[in-house]
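A.B. asks: Pasting a structure below so you can have a look.
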Amino acid sequence: MDAPLEKIADPTLAEMGKNLKEAMKMLEDGQRRSEEENGKKLISGDIPGPLQGSGQDMVSILQLVQNLMHGDEEEEPPSTRVQDIGEQGHIALLGHSLGAYISTLDKEKLRKLTTRILSDTTLWLCRIFRYENGCAYFHEEEREGLARICRLAIHSRYEDFVVDGFNVLYNKKPVIYLSAAARPGLGQYLCNQLGLPFPCLCRVPCNTMFGSQHQMDVAFLEKLIKDDIERGRLPLLLVANAGTAAVGHTDKIGRLKELCEQYGIWLHVEGVNLATLALGYVSSSVLAATKCDSMTLTPGPWLGLPAVPAVTLYKHDDPALTLVAGLTSNKPADKLRALPLWLSLQYLGLDGIVERIKHACQLSQRLQESLKKVDHIKILVEDELSSPVVVFRFFQELPGSDPGPNVVPAPSVAPSAVGRERHSCDALNRWLGEQLKQLVPASGLTVMDLEVEGTCVRFSPLMTAAALGTRAEDMDQLVACIHGKLPLLTCTLQLREEFKQEVAGTAGLLYVDDPNWPGIGVVRYEHANDDKNSLKLDPEGEKIHAGLLKKLNELESDLTFKMGPEYKSMKSCIYIGMASDDVDVSELVETIAATAREIEENSRLLENMTEVVRKGIQEAQVQLQKANEERLLEEGVLRQIPVVGSVLNWFSPVQASQKGRTFNLTAGSLESTEHTYVYKVQGSGVTPPQTPSAARTRQRLPGQKPFKRSLRGSDAVSETSSVSHVDDLEKMEHLSGGQDAPEADSPEQHPGPPAAEAEQPRALQDGAQRPDDGRPQVEDPENLR
């Protein structure tokens, strides 16, 4: 598309290329036109689409498509937006437009053109990927080619299948062998497409003793084949992997080919490592795939081409059977599926194709070499030199344990501890993968769960690098981000067990084992009315935890706190995030327990006060009514008559005291107001009980945040200030310890002592602690009075 479009003889093709170029420019432009520029305003009540009556021009239609594609980009993360597909992507998209235009030609021209496109594309792919004398089937669904190959194998092995149908299969059931490392859902898809029962599938396990644990066990496969033959079954087809879907391992294809030739089994190979067949150097395990009966290629992701079909290359001499199996077709529309790939291959050329595949392999090698130098990062495919897929995970050994996945734990380490470490590492690796995906979106990382290794992070550049434009600088940035996250991961993993033990030893707190949480841990406060056996929602506990979350977030510590439902339950819990520095877990747990207890006691105090006030109001009403009755009896009936009462009160006034009622919230009782009116002062005979408060927070140095360990002996304290700061800290802790000792039992053993009695011992203590400087102590005149 670099040449001027005016040089194209066919004006329709020139106009098509021009329109496509303008349309792609408009759709890829993230800035939508304003309503003033458009001159139109869409009304929500308008009838959409062609039902408006008059048609719309192409610009308006493309503008509508752009709005539907981008939506509200301001609210979407950058990774979800439409990416720039580049010039080669425009060529692939042009193929679909050309296919629609070519289908309007007369039948003879259409037949010649489609045959030429199909034959050229097949020849180029066979030459590029070293599959000589092969045929090609182009399909949109990646698994569709394998389903057609299975039909071809059935027609080849069952000669009467066309006549007798499934009655032939009933007498001798076919068997399709799949690796345990095959992509999920492949066997079910084949059975649904072929109409076969699930017993026709045979799952071949991977190696357990020798070799990769993601490679098919050839010896066990041979045993399965012999057993099926003895049972009267027909081994039909074997699906091998040149790069498994999970970790990119390649089966021993050469040994599998010999086994298939021995028993007459069709061998089909698929996988991402088949792309390396286009390179100058190919490993022997992948090169053996060129001798198989069929293989499936996905050049679209490898080369960064959108809307390009997958290709299944196969070798077979009977055109009639391939036609029956659906691998070949006489319809021009089926042949035109190869047109986008036909255009793209010509645009890229052999050098462009090799360059993209080689660049992806270099990215994986660069990342793998860099990760080998990083501590606490384990690469799962170090011995798989032919794989461009890098799979790694964070790990940290327990004392006396071996990091190997198949090693029996040492007697000093309990199996439960190893299991907890595995779950903890899985959660941390899941968090690490998500963080790396956000920090380096061009890497195209994915997080996956493996049966043996656990949660891992996968980098497969052949499937993502061409589309995302991944560069070598992105790999360096990725390694730098991993280095930055490692201290956070190691510190969090070390504090988990300590946090669990502290919570277990603290009354009122319950440790919640949530394997999916990557932080320090999850804790729940058990209030007095908490039903431990119930999994339903607890409104009172939710209220306490909401207040606890608010209090913890107000402390402005480096830790993050969240509230959510308990794992496999509806009860609220406090989720504590990851620790970026050394955290004092004991202080953290103590603060959580004391704060939650304070919130619960304050809530109960408020509830009790509400009930006391209600009863006090009722009692006050009764007493006021009795007082009115007594006053009426004391004054007499005559004084209640308006005129007579005034005359009597003028001659003989009534000396009645003013009586009222006051409600003492502390004592919860009604008291008379006579003392207030007589002595003109308000008094209370009972000292209010102490308000429940959290445990005294430990004294910290200036600038030290909550839940941080003491800086004693730390290099962070300078030589000139360390002595004074440490001495100040010791004095503060000594004073706080001396003050807390006599008050430890006061809230419970001595509820609400009188104010005078409470102040007298404290005054005596102050006097005892006052230094004796030899001068006579003169009492204050107010005290003498």
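A.B. asks: Would you be so kind as to identify which of PRO565, VAL589, GLY505 lies farthest towards the positive end of the dipole of the range 490-603, taking Lys and Arg as +1 and Asp and Glu as -1 on Cβ and the Cα centre as origin?
C.D. replies: Going by the Cα projections, it comes out as PRO565.
A.B. asks: Report the full-extension gain for the segment THR662 to GLU434: residue separation times 0.36 nm, less the Cα-Cα distance, to one decimal in nm.
C.D. replies: 75.8 nm
A.B. asks: What's the ranking of 494-506, 346-358 by average number of surrounding C-beta atoms within 10 Å, highest first?
C.D. replies: 494-506, 346-358
A.B. asks: What does the extension gain come out to for GLU132 and SER103, with contour length at 0.36 nm per residue minus their alpha carbon separation?
C.D. replies: That pair, GLU132 and SER103, stretches by 7.4 nm at full extension.
A.B. asks: Right, another one. R0 = 41 Å: FRET efficiency of ASP558 with GLN365, Cβ-based, nearest 0.05?
C.D. replies: 0.60
A.B. asks: Ignoring ligands, DNA and RNA, please state the percent of accessible area on the range 490-603 from carbon and sulfur, probe 1.4 Å.
C.D. replies: On the range 490-603, the fraction of accessible area on carbon and sulfur atoms equals 49 percent.
A.B. asks: So the label point goes 7 Å from the Cα of ARG231 along Cα→C-beta, right? Which residues of the range 153-195 then have their backbone N under 15 Å from it?
C.D. replies: Label zone hits: 170-178.
A.B. asks: Highest mean first, what order results for 617-628, 304-315 on Cβ atoms within 10 Å?
C.D. replies: 304-315, 617-628
A.B. asks: Relative to the present Cα-Cα distance, how much length would full extension add between TYR170 and LEU323 at 0.36 nm per residue of separation?
C.D. replies: 52.7 nm
A.B. asks: Which pairs in the list LYS252/LYS331; LYS112/LYS291; LYS500/LYS708; LYS500/LYS551; LYS291/LYS358 are over 29 Å apart, alpha-carbon to alpha-carbon?
C.D. replies: Violating the 29 Å limit, Cα to Cα: LYS252/LYS331; LYS112/LYS291.
A.B. asks: Highest mean first, how do 459-467, 514-522 rank when packing is the count of other Cβ atoms within 10 Å averaged over residues?
C.D. replies: Put in order of decreasing packing, that is 459-467, 514-522.
A.B. asks: Carbon and sulfur atoms: what percent of the 1.4 Å accessible area of the range 141-231 do they account for?
C.D. replies: Within the range 141-231, the accessible surface is 51 percent carbon and sulfur.
A.B. asks: Moving on. For the range 490-603, what is the accessible area per residue in Å², given a 1.4 Å probe and the full set of protein chains?
C.D. replies: Here the per-residue accessible area is 46 Å².
The values are calculated or read from the model by the stated rules, or taken from the named source; none is laboratory data. Keep in mind the model is a prediction, meaning the values are calculated, not measured. Counting neighbours? That spans all protein chains shown, and the Cβs are built from the backbone with ideal geometry, glycine included. Just so you know, the surface numbers come from the protein's heavy atoms only, side chains and all, with ligands and any DNA or RNA stripped out. Shrake-Rupley method; radii C 1.70, N 1.55, O 1.52, S 1.80 Å.
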